[in-house]
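Before any comments, here is the structure.
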Amino acid sequence: MPTHVDPVCGMNVEEAEAAARRDYQGQTIFFCAVGCAETFDREPSKYVATSETRRSWFRRH
Ligand SMILES: [Zn+2]
């Protein structure tokens, strides 16, 4: 069974047991709880590492 990392809390989430999922920029993201998905909805770019956010991470560190 595929396992995914919930980007909000960092937990491993099995696909079949995910409480919520979102499609974001062509990827499906799985969450352990509806509350994590709601946190993600408020600021999705904070939790998904696009190439752009990775570049800005390098600039800051
Ligand atoms: Zn979570």
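A few remarks follow.
- Theoretical FRET efficiency, 1/(1+(r/R0)^6), r = Cβ-Cβ of residue 42 and residue 15, R0 25 Å, to 0.05: 0.60
- Residues with amide H under 5 Å from that of residue 24, placed H, sequence gap 5 or more: 29
Computed from the coordinates by the stated procedures, all read-outs in this text should not be read as laboratory data. Quantities reported herein were computed from a predicted structural model and do not represent experimental measurements. For neighbour counting, all protein chains shown are included, and Cβ atoms are generated from backbone atoms with ideal geometry for every residue, glycine included.
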